[in-house]
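Just below is one structure, and these are the notes that go with it.
The values are calculated or read from the model by the stated rules, or taken from the named source; none is laboratory data. Just so it is clear, the structure is predicted and the values come from calculations on it, not from any experiment. No Cβ is skipped: glycine too gets one built from the backbone with ideal geometry, and neighbour counts run over all protein chains shown. SASA here: full protein model, heavy atoms, side chains in, ligands and nucleic acids out. Shrake-Rupley method; radii C 1.70, N 1.55, O 1.52, S 1.80 Å.
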Amino acid sequence: MLPYSRQWIDGRDVAHVIKVLRSDFLTQGDAVVKLEKSVSDYCEVKYSVAFSSGTAALHGACFAAGIGTGDEVITTPLTFAASANCILYMGATPVFADVQKNLPLIDPDEIRQKITKKTRAIIPVDYSGIPVDYDGINKIAKKNKLIVIADSAHSLGATYKGKKIGNLADMTVFSFHPVKTITTGEGGMVVTNNKNFYKRLCLFRTHGITKNPKYLIDKTQGPWFYEMQELGFNYRLTDIQAALGISQMKRINFFIKRRREISQKYMSAFKNYRSIKILQNDSIVRSAWHLFPIIINTKNYRQDRLRLFSDFHQAGLKVQVHYIPIHLHPFYRKRFGYKRGDFPYAERFYDGEISLPIYPKMSNKDIERVIEVTSDLIKDLE
Ligand SMILES: *Cc1c(COP(=O)(O)O)cnc(C)c1O
(Lines give C-alpha, C1' and ligand atoms only; values in the text may rest on other atoms or scores of the structure.)
Protein backbone atom coordinates (compact mmCIF):
# COMPACT_ATOMS: atom_id res chain seq x y z
CA MET A 1 0.00 0.00 0.00
CA LEU A 2 1.29 3.45 -0.90
CA PRO A 3 -0.22 6.17 1.33
CA TYR A 4 -0.83 9.71 0.01
CA SER A 5 2.00 10.94 2.21
CA ARG A 6 4.31 9.72 4.95
CA GLN A 7 7.43 10.59 6.91
CA TRP A 8 11.01 9.60 6.15
CA ILE A 9 12.95 8.72 9.29
CA ASP A 10 16.53 7.49 8.90
CA GLY A 11 19.34 6.41 11.23
CA ARG A 12 20.52 9.99 11.77
CA ASP A 13 17.06 10.99 13.01
CA VAL A 14 17.01 8.06 15.42
CA ALA A 15 20.50 8.89 16.73
CA HIS A 16 19.47 12.52 17.38
CA VAL A 17 16.42 11.46 19.37
CA ILE A 18 18.36 8.88 21.39
CA LYS A 19 20.93 11.51 22.36
CA VAL A 20 18.18 13.66 23.90
CA LEU A 21 16.60 10.63 25.61
CA ARG A 22 19.92 10.04 27.40
CA SER A 23 20.39 13.72 28.29
CA ASP A 24 19.21 15.74 31.31
CA PHE A 25 16.26 17.46 29.64
CA LEU A 26 13.39 15.75 27.86
CA THR A 27 11.54 19.06 27.73
CA GLN A 28 12.46 22.73 28.25
CA GLY A 29 16.10 22.04 27.36
CA ASP A 30 17.96 23.56 24.43
CA ALA A 31 16.75 21.30 21.60
CA VAL A 32 13.59 23.38 21.12
CA VAL A 33 15.67 26.56 20.94
CA LYS A 34 17.93 24.92 18.35
CA LEU A 35 14.99 23.80 16.23
CA GLU A 36 13.55 27.32 16.38
CA LYS A 37 16.87 28.76 15.24
CA SER A 38 17.08 26.25 12.42
CA VAL A 39 13.61 27.19 11.12
CA SER A 40 14.31 30.94 11.56
CA ASP A 41 17.51 30.59 9.52
CA TYR A 42 15.83 28.52 6.83
CA CYS A 43 12.86 30.89 6.46
CA GLU A 44 15.04 33.99 6.93
CA VAL A 45 12.79 35.33 9.72
CA LYS A 46 13.62 36.90 13.10
CA TYR A 47 11.51 34.80 15.47
CA SER A 48 10.21 31.23 15.63
CA VAL A 49 8.12 29.74 18.43
CA ALA A 50 7.62 25.95 18.53
CA PHE A 51 4.27 24.49 19.62
CA SER A 52 3.01 21.00 20.42
CA SER A 53 1.07 20.88 17.14
CA GLY A 54 0.25 23.01 14.11
CA THR A 55 -3.22 23.46 15.60
CA ALA A 56 -1.76 24.78 18.87
CA ALA A 57 0.45 27.09 16.79
CA LEU A 58 -2.63 28.44 14.98
CA HIS A 59 -4.32 28.96 18.34
CA GLY A 60 -1.22 30.80 19.57
CA ALA A 61 -1.13 33.02 16.48
CA CYS A 62 -4.79 33.97 16.98
CA PHE A 63 -4.05 34.81 20.61
CA ALA A 64 -0.98 36.87 19.67
CA ALA A 65 -3.08 38.75 17.12
CA GLY A 66 -5.45 39.74 19.92
CA ILE A 67 -8.48 38.07 18.39
CA GLY A 68 -11.39 37.83 20.82
CA THR A 69 -15.12 37.65 21.39
CA GLY A 70 -17.16 39.51 18.80
CA ASP A 71 -14.35 39.58 16.23
CA GLU A 72 -14.55 38.05 12.77
CA VAL A 73 -11.71 36.31 10.97
CA ILE A 74 -11.81 35.42 7.28
CA THR A 75 -10.53 32.06 6.07
CA THR A 76 -11.09 29.52 3.29
CA PRO A 77 -13.62 26.68 3.51
CA LEU A 78 -11.28 24.38 1.54
CA THR A 79 -8.92 23.38 4.33
CA PHE A 80 -8.47 21.22 7.38
CA ALA A 81 -10.85 22.06 10.23
CA ALA A 82 -8.02 23.48 12.38
CA SER A 83 -7.71 26.59 10.15
CA ALA A 84 -11.15 27.74 11.33
CA ASN A 85 -11.35 26.02 14.73
CA CYS A 86 -8.53 28.25 16.02
CA ILE A 87 -10.82 31.26 15.45
CA LEU A 88 -13.57 29.64 17.52
CA TYR A 89 -11.07 28.86 20.31
CA MET A 90 -10.71 32.63 20.77
CA GLY A 91 -14.47 33.19 20.92
CA ALA A 92 -14.42 34.85 17.50
CA THR A 93 -16.42 33.97 14.38
CA PRO A 94 -14.91 32.33 11.29
CA VAL A 95 -16.16 33.91 8.06
CA PHE A 96 -15.49 31.94 4.90
CA ALA A 97 -14.43 33.42 1.58
CA ASP A 98 -14.64 31.03 -1.36
CA VAL A 99 -11.62 29.86 -3.36
CA GLN A 100 -10.85 30.97 -6.90
CA LYS A 101 -12.65 29.37 -9.80
CA ASN A 102 -9.66 27.49 -11.17
CA LEU A 103 -7.36 27.44 -8.18
CA PRO A 104 -8.13 26.02 -4.71
CA LEU A 105 -6.80 29.15 -2.98
CA ILE A 106 -8.78 31.88 -1.22
CA ASP A 107 -9.95 34.57 -3.65
CA PRO A 108 -8.93 38.14 -2.68
CA ASP A 109 -12.11 39.52 -4.28
CA GLU A 110 -14.19 37.24 -2.06
CA ILE A 111 -12.21 38.38 1.00
CA ARG A 112 -12.95 42.01 0.14
CA GLN A 113 -16.68 41.28 0.08
CA LYS A 114 -16.61 39.58 3.47
CA ILE A 115 -14.94 42.41 5.39
CA THR A 116 -17.09 44.12 8.04
CA LYS A 117 -16.38 46.46 10.97
CA LYS A 118 -15.76 43.36 13.08
CA THR A 119 -13.09 41.79 10.84
CA ARG A 120 -9.72 41.53 12.59
CA ALA A 121 -7.65 39.06 10.61
CA ILE A 122 -7.32 36.85 7.54
CA ILE A 123 -6.10 33.24 7.65
CA PRO A 124 -5.23 32.18 4.10
CA VAL A 125 -4.11 28.58 3.46
CA ASP A 126 -1.36 27.59 1.00
CA TYR A 127 -3.38 24.58 -0.16
CA SER A 128 -1.20 21.65 -1.29
CA GLY A 129 1.90 23.83 -0.84
CA ILE A 130 1.04 26.54 -3.39
CA PRO A 131 1.43 30.05 -1.92
CA VAL A 132 -1.73 32.15 -1.99
CA ASP A 133 -1.92 35.57 -3.66
CA TYR A 134 0.07 37.25 -0.88
CA ASP A 135 0.37 40.59 -2.68
CA GLY A 136 -3.38 40.78 -3.16
CA ILE A 137 -4.16 39.66 0.39
CA ASN A 138 -1.58 41.93 2.06
CA LYS A 139 -2.92 44.90 0.13
CA ILE A 140 -6.43 44.25 1.45
CA ALA A 141 -5.07 43.68 4.96
CA LYS A 142 -3.11 46.92 4.96
CA LYS A 143 -6.02 48.96 3.71
CA ASN A 144 -8.38 47.52 6.32
CA LYS A 145 -5.83 47.20 9.18
CA LEU A 146 -6.14 43.42 9.38
CA ILE A 147 -3.56 40.93 10.60
CA VAL A 148 -2.57 38.14 8.19
CA ILE A 149 -1.91 34.72 9.74
CA ALA A 150 -0.75 32.35 6.99
CA ASP A 151 -1.73 28.73 7.55
CA SER A 152 1.34 27.37 5.81
CA ALA A 153 1.00 23.84 7.17
CA HIS A 154 1.51 22.62 3.58
CA SER A 155 4.07 25.10 2.34
CA LEU A 156 7.23 25.04 4.47
CA GLY A 157 9.88 25.32 1.74
CA ALA A 158 7.68 27.01 -0.89
CA THR A 159 8.53 30.40 -2.38
CA TYR A 160 6.47 33.34 -3.63
CA LYS A 161 8.13 35.75 -6.06
CA GLY A 162 11.49 34.49 -4.85
CA LYS A 163 10.65 35.01 -1.16
CA LYS A 164 10.55 32.11 1.29
CA ILE A 165 7.22 31.34 2.93
CA GLY A 166 7.48 32.78 6.44
CA ASN A 167 8.11 36.36 5.29
CA LEU A 168 4.85 37.05 3.54
CA ALA A 169 2.38 37.37 6.43
CA ASP A 170 2.38 38.91 9.92
CA MET A 171 2.63 35.40 11.33
CA THR A 172 3.12 32.11 9.47
CA VAL A 173 2.14 28.74 10.90
CA PHE A 174 3.78 25.39 10.09
CA SER A 175 2.82 21.84 11.05
CA PHE A 176 5.27 19.01 11.71
CA HIS A 177 2.72 16.21 11.47
CA PRO A 178 4.28 13.14 9.76
CA VAL A 179 2.59 13.87 6.40
CA LYS A 180 4.04 17.42 6.21
CA THR A 181 7.39 18.68 4.81
CA ILE A 182 9.35 17.74 7.97
CA THR A 183 8.10 15.99 11.08
CA THR A 184 8.46 15.96 14.87
CA GLY A 185 5.67 13.39 15.32
CA GLU A 186 3.24 16.05 16.44
CA GLY A 187 4.45 19.63 16.42
CA GLY A 188 4.16 23.05 14.88
CA MET A 189 5.75 26.50 14.72
CA VAL A 190 4.81 30.13 14.32
CA VAL A 191 7.35 32.36 12.59
CA THR A 192 7.20 36.16 12.59
CA ASN A 193 9.34 39.27 12.28
CA ASN A 194 7.25 41.13 14.89
CA LYS A 195 8.70 41.24 18.42
CA ASN A 196 5.36 41.90 20.12
CA PHE A 197 3.77 38.86 18.48
CA TYR A 198 6.84 36.85 19.45
CA LYS A 199 6.50 37.80 23.12
CA ARG A 200 2.80 36.95 23.17
CA LEU A 201 3.41 33.60 21.46
CA CYS A 202 6.01 32.66 24.12
CA LEU A 203 3.59 33.58 26.92
CA PHE A 204 0.69 31.66 25.41
CA ARG A 205 2.72 28.47 24.94
CA THR A 206 3.56 28.25 28.67
CA HIS A 207 0.35 28.99 30.62
CA GLY A 208 0.69 32.75 30.07
CA ILE A 209 3.66 32.67 32.46
CA THR A 210 6.90 34.64 32.09
CA LYS A 211 10.09 34.34 34.12
CA ASN A 212 11.96 36.96 32.12
CA PRO A 213 12.95 39.68 34.67
CA LYS A 214 12.63 42.30 31.90
CA TYR A 215 8.93 41.58 31.41
CA LEU A 216 7.81 41.15 35.05
CA ILE A 217 5.16 43.55 36.29
CA ASP A 218 6.35 43.21 39.92
CA LYS A 219 10.13 43.57 39.83
CA THR A 220 10.61 43.67 43.64
CA GLN A 221 10.50 39.90 44.32
CA GLY A 222 13.35 37.35 44.28
CA PRO A 223 15.06 35.24 41.63
CA TRP A 224 12.43 32.45 42.02
CA PHE A 225 9.71 34.78 40.87
CA TYR A 226 7.46 34.33 37.86
CA GLU A 227 4.15 35.83 36.84
CA MET A 228 1.12 34.53 35.01
CA GLN A 229 0.13 37.54 32.95
CA GLU A 230 -2.32 36.00 30.49
CA LEU A 231 -4.42 32.83 30.30
CA GLY A 232 -2.26 30.48 28.24
CA PHE A 233 -1.90 26.74 27.78
CA ASN A 234 0.77 24.08 28.04
CA TYR A 235 1.48 23.89 24.31
CA ARG A 236 5.21 23.12 24.55
CA LEU A 237 7.04 20.85 22.14
CA THR A 238 9.29 18.34 23.93
CA ASP A 239 13.07 18.21 23.36
CA ILE A 240 12.59 14.63 22.16
CA GLN A 241 10.36 15.91 19.36
CA ALA A 242 12.59 18.91 18.70
CA ALA A 243 15.62 16.60 18.28
CA LEU A 244 13.80 14.83 15.48
CA GLY A 245 12.90 18.18 13.94
CA ILE A 246 16.51 19.46 14.03
CA SER A 247 17.65 16.33 12.25
CA GLN A 248 14.83 16.54 9.69
CA MET A 249 15.62 20.21 8.96
CA LYS A 250 19.06 19.11 7.76
CA ARG A 251 17.37 17.31 4.88
CA ILE A 252 14.60 19.77 4.09
CA ASN A 253 16.11 20.88 0.77
CA PHE A 254 16.39 17.27 -0.31
CA PHE A 255 12.78 16.57 0.76
CA ILE A 256 11.46 19.51 -1.27
CA LYS A 257 13.60 18.63 -4.28
CA ARG A 258 12.32 15.08 -4.29
CA ARG A 259 8.66 16.18 -3.95
CA ARG A 260 9.27 18.52 -6.88
CA GLU A 261 10.79 15.73 -8.99
CA ILE A 262 7.80 13.47 -8.34
CA SER A 263 5.37 16.25 -9.25
CA GLN A 264 7.26 16.88 -12.52
CA LYS A 265 6.93 13.23 -13.46
CA TYR A 266 3.21 13.23 -12.67
CA MET A 267 2.64 16.45 -14.60
CA SER A 268 4.26 15.20 -17.75
CA ALA A 269 2.40 11.88 -17.47
CA PHE A 270 -1.06 13.39 -16.91
CA LYS A 271 -1.04 16.68 -18.79
CA ASN A 272 -2.82 15.40 -21.89
CA TYR A 273 -5.91 13.87 -20.32
CA ARG A 274 -9.10 15.87 -20.71
CA SER A 275 -11.03 14.07 -17.98
CA ILE A 276 -8.84 15.36 -15.18
CA LYS A 277 -7.25 18.67 -14.26
CA ILE A 278 -3.97 19.09 -12.46
CA LEU A 279 -2.76 22.19 -10.66
CA GLN A 280 -0.08 24.03 -12.58
CA ASN A 281 2.74 25.77 -10.86
CA ASP A 282 3.60 29.03 -12.54
CA SER A 283 6.80 30.99 -12.43
CA ILE A 284 6.00 33.42 -9.59
CA VAL A 285 5.25 30.71 -7.05
CA ARG A 286 7.04 27.47 -6.26
CA SER A 287 4.94 24.91 -4.43
CA ALA A 288 6.29 22.73 -1.63
CA TRP A 289 4.24 19.90 -3.17
CA HIS A 290 2.63 18.64 0.02
CA LEU A 291 -0.18 17.18 -2.12
CA PHE A 292 -0.60 16.20 -5.74
CA PRO A 293 -4.32 16.68 -6.41
CA ILE A 294 -6.08 15.54 -9.54
CA ILE A 295 -9.54 16.99 -10.17
CA ILE A 296 -12.02 14.94 -12.15
CA ASN A 297 -13.51 16.95 -14.94
CA THR A 298 -16.19 14.66 -16.35
CA LYS A 299 -19.95 15.18 -16.51
CA ASN A 300 -20.59 12.89 -13.56
CA TYR A 301 -17.55 13.90 -11.56
CA ARG A 302 -19.04 13.05 -8.17
CA GLN A 303 -19.85 9.46 -9.13
CA ASP A 304 -16.60 9.11 -11.06
CA ARG A 305 -14.60 10.29 -8.06
CA LEU A 306 -16.34 7.78 -5.81
CA ARG A 307 -15.60 4.94 -8.20
CA LEU A 308 -12.02 6.01 -8.89
CA PHE A 309 -11.30 6.38 -5.18
CA SER A 310 -12.29 2.75 -4.56
CA ASP A 311 -10.41 1.58 -7.64
CA PHE A 312 -7.25 3.31 -6.44
CA HIS A 313 -7.52 1.63 -3.05
CA GLN A 314 -8.20 -1.72 -4.70
CA ALA A 315 -4.98 -1.24 -6.68
CA GLY A 316 -3.03 -0.57 -3.46
CA LEU A 317 -2.80 3.21 -3.72
CA LYS A 318 -4.18 4.76 -0.55
CA VAL A 319 -5.20 8.05 -2.13
CA GLN A 320 -7.04 10.64 -0.01
CA VAL A 321 -9.45 13.52 -0.56
CA HIS A 322 -8.52 17.07 0.56
CA TYR A 323 -10.69 18.54 1.97
CA ILE A 324 -14.29 18.14 2.99
CA PRO A 325 -15.13 21.87 2.96
CA ILE A 326 -15.34 23.03 6.58
CA HIS A 327 -18.80 24.57 6.24
CA LEU A 328 -20.22 21.13 5.37
CA HIS A 329 -19.14 19.49 8.63
CA PRO A 330 -22.12 18.86 10.96
CA PHE A 331 -20.67 21.13 13.67
CA TYR A 332 -20.40 24.11 11.33
CA ARG A 333 -23.76 23.44 9.67
CA LYS A 334 -25.43 23.33 13.07
CA ARG A 335 -23.65 26.33 14.56
CA PHE A 336 -23.86 28.63 11.52
CA GLY A 337 -26.60 27.17 9.32
CA TYR A 338 -24.30 26.43 6.38
CA LYS A 339 -25.48 24.22 3.54
CA ARG A 340 -24.44 22.85 0.17
CA GLY A 341 -24.14 25.63 -2.37
CA ASP A 342 -22.77 28.26 0.02
CA PHE A 343 -19.22 28.07 -1.39
CA PRO A 344 -19.60 26.62 -4.89
CA TYR A 345 -15.96 26.69 -6.02
CA ALA A 346 -14.68 24.97 -2.86
CA GLU A 347 -17.45 22.39 -3.21
CA ARG A 348 -16.76 21.80 -6.91
CA PHE A 349 -13.09 21.27 -6.20
CA TYR A 350 -13.82 18.88 -3.34
CA ASP A 351 -16.35 16.90 -5.38
CA GLY A 352 -13.77 15.95 -8.01
CA GLU A 353 -10.57 15.84 -5.97
CA ILE A 354 -8.23 12.92 -5.30
CA SER A 355 -4.73 13.34 -3.79
CA LEU A 356 -2.18 10.95 -5.32
CA PRO A 357 0.73 9.57 -3.28
CA ILE A 358 3.60 12.08 -3.09
CA TYR A 359 6.39 11.90 -0.50
CA PRO A 360 10.19 11.86 -0.69
CA LYS A 361 10.58 8.24 0.34
CA MET A 362 8.73 6.96 -2.75
CA SER A 363 11.05 4.93 -4.99
CA ASN A 364 11.16 5.50 -8.75
CA LYS A 365 9.30 2.20 -9.03
CA ASP A 366 6.56 3.51 -6.72
CA ILE A 367 6.23 6.62 -8.89
CA GLU A 368 5.97 4.50 -12.03
CA ARG A 369 3.28 2.42 -10.38
CA VAL A 370 1.22 5.47 -9.47
CA ILE A 371 1.53 6.74 -13.05
CA GLU A 372 0.53 3.37 -14.46
CA VAL A 373 -2.49 2.81 -12.20
CA THR A 374 -3.67 6.41 -12.56
CA SER A 375 -3.33 6.41 -16.36
CA ASP A 376 -5.28 3.18 -16.59
CA LEU A 377 -8.09 4.52 -14.43
CA ILE A 378 -8.29 7.87 -16.22
CA LYS A 379 -8.31 6.26 -19.66
CA ASP A 380 -11.69 4.78 -18.82
CA LEU A 381 -13.04 8.28 -18.23
CA GLU A 382 -11.81 9.85 -21.49
C1 LIG B 1 -1.94 19.69 9.15
C2 LIG B 1 -2.72 20.93 9.08
C3 LIG B 1 -3.00 21.72 10.21
C4 LIG B 1 -2.82 21.25 11.62
O5 LIG B 1 -1.61 20.80 11.95
P6 LIG B 1 -1.44 19.71 13.12
O7 LIG B 1 0.05 19.75 13.32
O8 LIG B 1 -1.94 18.41 12.60
O9 LIG B 1 -2.19 20.19 14.31
C10 LIG B 1 -3.60 22.96 10.02
N11 LIG B 1 -3.94 23.40 8.80
C12 LIG B 1 -3.72 22.66 7.71
C13 LIG B 1 -4.11 23.20 6.38
C14 LIG B 1 -3.12 21.39 7.80
O15 LIG B 1 -2.94 20.65 6.71
If you plug each phi of region 109-117 into the Karplus form 6.51 cos²θ - 1.76 cosθ + 1.60 with θ = phi - 60°, what whole-Hz ³J(HN,Hα) values come out, in order, with x for Gly and Pro?
5, 5, 4, 3, 6, 9, 6, 10, 5
Under 5 Å between amide hydrogens, which residues at least 5 positions from L356 or on another chain qualify, with H placed 1.01 Å from N in the peptide plane?
F292, I294
In vacuo Debye scattering of region 120-178, one point per C-alpha: log10 I(q)/I(0) at q = 0.26 Å⁻¹?
-1.05
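Let a ≥ b ≥ c be the square roots of the eigenvalues of the Cα gyration tensor of region 45-104; is it rounded (a/c under 1.5), or, if not, prolate (a/b larger than b/c) or oblate? Provide the component values of the computation, followed by the final result.
Values: a/c = 2.01, a/b = 1.31, b/c = 1.54.
Since a/c reaches 1.5 but b/c is at least a/b, the shape of region 45-104 is classed as oblate.
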What list of ³J(HN,Hα) couplings, whole Hz, do you get for region 217-233 from phi and the Karplus terms 6.51, -1.76, 1.60, once you set θ to phi - 60° and write x for glycine and proline?
7, 9, 9, 8, 7, x, x, 7, 6, 9, 10, 9, 9, 9, 8, x, 9
What residues from region 111-150 fall in the zone where the backbone N is under 15 Å from a label point 7 Å along the Cα-to-C-beta line of Y215?
none
Let me check the size of the chain from its C-alpha atoms; what are the radius of gyration and Dmax in Å?
21.3, 77
Relative to the Cα centre, what is the charge dipole magnitude of the chain, using +1 at the beta carbon of each Lys and Arg, -1 at the beta carbon of each Asp and Glu, and rounding to the nearest 20 debye?
440
Fluctuation leader among P104, P344, P223 - the chain, Gaussian network, Cα springs under 10 angstrom
P223
Given the -39500 (n - 2.57) contribution per DSSP H run of 4+ residues, what per-residue ellipticity at 222 nm results for the chain, rounded to the nearest 500 deg cm²/dmol?
-12000 deg cm²/dmol
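Normalized C-alpha radius of gyration of region 212-286, against 2.2 N^0.38 Å?
Values: Rg = 24.4 Å, N = 75, 2.2 N^0.38 = 11.3 Å.
Here the Cα radius of gyration is 2.15 times the empirical estimate.
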Accessible-area composition of region 21-141, carbon plus sulfur, in percent [1.4 Å probe]:
50
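What does the accessible area per residue of region 1-137 come to in Å², with a 1.4 Å probe and no ligands, DNA or RNA counted? Show your work: numbers first, answer last.
Values: 5650 Å² over 137 residues.
Per-residue accessible area for region 1-137 comes out at 41 Å².
Using a 1.4 angstrom probe on heavy atoms only, work out the carbon and sulfur share of the accessible area of region 218-362 in %.
On the way: 3910 of 7320 Å².
Heavy-atom surface of region 218-362 belonging to carbon and sulfur, 1.4 Å probe: 53 percent.
Within the P(r) computed for region 64-149, what percentage of the Cα pairs occupies the region above 21 Å? Please list the in-between numbers first.
Details: 763 of 3655 pairs.
Across region 64-149, Cα pairs with separations above 21 Å total 21 percent.
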Which shape class applies to region 257-296: rounded if a/c is under 1.5, otherwise prolate when a/b exceeds b/c and oblate if not, where a ≥ b ≥ c are the square roots of the Cα gyration tensor eigenvalues?
prolate
Considering only C-alpha atoms, what is the centroid distance from region 127-195 to region 305-382, in Å?
24
GNM on the chain, Cα springs under 10 Å; top mean-square fluctuation among A50, A64, A97 goes to A64
Over region 252-379, average the accessible area per residue using a 1.4 Å probe and give it in Å², no decimals.
49
Value of D in µm² per second that Stokes-Einstein yields for region 252-379, Kirkwood Rh from Cα pairs, at 4 °C (1.567 mPa s):
82
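Determine, from the Cβ-Cβ distance of H329 and N144 and an R0 of 35 Å, the FRET efficiency 1/(1 + (r/R0)^6), rounded to the nearest 0.05. List each step's numbers first, then the result.
Details: r = 28 Å, r/R0 = 0.81.
According to the calculation, E is roughly 0.80.
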If unit charges are put on Cβ atoms (+1 for Lys and Arg, -1 for Asp and Glu) and the dipole of the chain is taken about its Cα centre, the option from M267, W224, G187 lying farthest towards the positive end turns out to be W224
Nearest-20 debye value, region 231-313 charge dipole, Cβ charges on Lys, Arg, Asp, Glu
240
D71, D24, D380, D170, reordered so the largest accessible area comes first (probe 1.4 Å)
D24, D380, D170, D71
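Counting only DSSP beta bridges with both residues in the chain, what percent are antiparallel, rounded to the nearest 5?
Numbers: 26 of 42 bridges.
Taking every DSSP beta bridge within the chain, about 60 percent pair in antiparallel fashion.
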Heads up, I need the accessible area for K180: 1.4 angstrom probe, whole protein in place, Å², nearest 10.
30
Vicinal HN-Hα couplings computed from phi for region 130-144 (Karplus, 6.51 cos²θ - 1.76 cosθ + 1.60; Hz; Gly/Pro x):
8, x, 6, 6, 5, 4, x, 5, 5, 5, 5, 5, 5, 4, 9
Check: C-alpha center region 220-288 vs C-alpha center region 92-111, spacing in Å is 22
Sorted by chain and then number, the residues having a modelled amide H within less than 5 Å of the amide H of A150, at least 5 places away or on another chain, are D170, M171, T172, V173
What nm value, rounded to one decimal, do you get for the distance between F336 and K163 when each label is placed 7 Å out toward the C-beta?
2.8
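By its C-alpha gyration tensor, with a ≥ b ≥ c as the square roots of the eigenvalues, how is region 141-255 shaped: rounded for a/c under 1.5, else prolate for a/b larger than b/c, else oblate?
Details: a/c = 2.66, a/b = 1.44, b/c = 1.85.
Cα axes put region 141-255 in the oblate bin.
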Under a plain spin-label model, where a point goes 7 Å from the Cα along Cα-to-Cβ, how far apart in nm are S310 and N193?
5.3
